[in-house]
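Here is the structure we will look at, set down as structure tokens.
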Amino acid sequence: MNTEEKIIQSETLYAGKVFTVKKYAVTLPDGRTAFREEVEHHGGAGILAEENGEVYLVKQFRLSVGKEILEIPAGKLEKGEDPLVCAKRELSEETGLTAKKWTKICAASPSPGYTNEIIHIYRAEDFSFGKTHFDDDEFLNVVKIPVEKAFKMIESGEIFDAKTVIALLYLKTIYKKS
């Protein structure tokens, strides 16, 4: 069965610094018309930085969930930016780490029902240490957590950020193989 929808009209409802909200009129596969709303976003990059059985996470307040949460270092892509360039920048900015080895884990769509955002997740290894340089409006703390504890924090619901869960569960599969 064909499930494709065809856009017949679009309207920008909001255009901001981080995202744009659009409303679409679409033709459904059966010929009827429906409306969809979409958040357009340039995407982001997240970094799994792990060494010697510990993972580097950042703890920061997220207004949308109303509390501090633990996440892998990550940031927004500039329009047209290569995701690896973004990942390297964000790792350095947020943790002060520079990695010599980079491996792409995956690209993930956190909420395809309403946004086109894609998060590119990388594994970074072989670190040198420098200074953090946060954005002007960024306040966070870098924490190093044993990976086994991080896995338990997913199970308990303490770590629930999607990109972080993806990265850590990827790491867990590697640990199970070794």
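For the chain, modelled as a GNM with alpha-carbon contacts under 10 angstrom, which of Ser109, Ser156, Ser64 fluctuates the most?
Of Ser109, Ser156, Ser64, the Gaussian network model singles out Ser64 as fluctuating most.
Give, in nm to one decimal, the length gained when the segment between Thr173 and Thr33 is fully stretched (0.36 nm per residue of separation minus the Cα-Cα distance).
Full extension from Thr173 to Thr33 adds 46.0 nm.
Could you go through region 49-60 in sequence order and give the Karplus-derived ³J(HN,Hα) for each residue, using 6.51 cos²θ - 1.76 cosθ + 1.60 with θ = phi - 60°, rounded to whole Hz, and x for Gly and Pro?
Once θ is set to phi - 60°, the couplings for region 49-60 become 10, 9, 8, 6, x, 10, 10, 8, 10, 10, 10, 8 Hz.
Taking the beta-carbon count within 10 Å as an exposure proxy, list Thr95, Thr20, Thr12, Thr3 from fewest neighbours to most.
Least crowded to most crowded, the residues run Thr3, Thr12, Thr20, Thr95.
Go through Ala99, Gly53, Ile145 and say which Cα lies farthest out towards the positive end of the charge dipole of the chain; charges sit on Cβ, +1 for Lys and Arg, -1 for Asp and Glu.
Gly53
Suppose only helical runs count, i.e. DSSP H with n ≥ 4. What mean residue ellipticity at 222 nm does that imply for the chain under -39500 (n - 2.57) per run, divided by all residues and rounded to the nearest 500 deg cm²/dmol?
Mean residue ellipticity at 222 nm (helix-derived): -7000 deg cm²/dmol.
Which cross-chain or sequence-distant (5 or more) residues have an amide H under 5 Å from the amide H of Phe160, H modelled 1.01 Å from N in plane?
Long-range HN contacts for Phe160: Leu70.
What is the set of long-range amide H partners of Val55 at a cut-off below 5 Å, with H atoms built 1.01 Å from backbone N?
Counting only residues 5 or more places away or on other chains, the set is Ile145, Val147.
List the residue ranges in the chain for DSSP H helices whose C-alpha atoms run 20 angstrom or more along the long axis and whose Kyte-Doolittle average is -0.5 or above.
Span-like helices here: 162-177.
What is the total of Lys pairs in region 3-87 with C-alpha atoms under 20 Å apart, excluding same-chain pairs fewer than 8 positions apart?
Summing the qualifying lysine pairs gives 8.
Return P(r) of region 32-178 (all Cα-Cα pairs; 10 Å bins starting at 0; whole %; ordered from short to long distances).
Calculated over all Cα pairs of region 32-178, the distribution is 11, 41, 36, 10, 3, 1 percent.
Of Ala25, Ala162, Ala87, which has the largest mean-square fluctuation in a 10 Å C-alpha GNM of the chain?
Ala25
Read-outs: derived from the displayed coordinates by stated rules, not from any lab. Remember, predicted model here, so these are calculated numbers, not experimental data. Cβ sites come from the backbone with ideal geometry, for glycine too, and all protein chains shown count toward neighbours.
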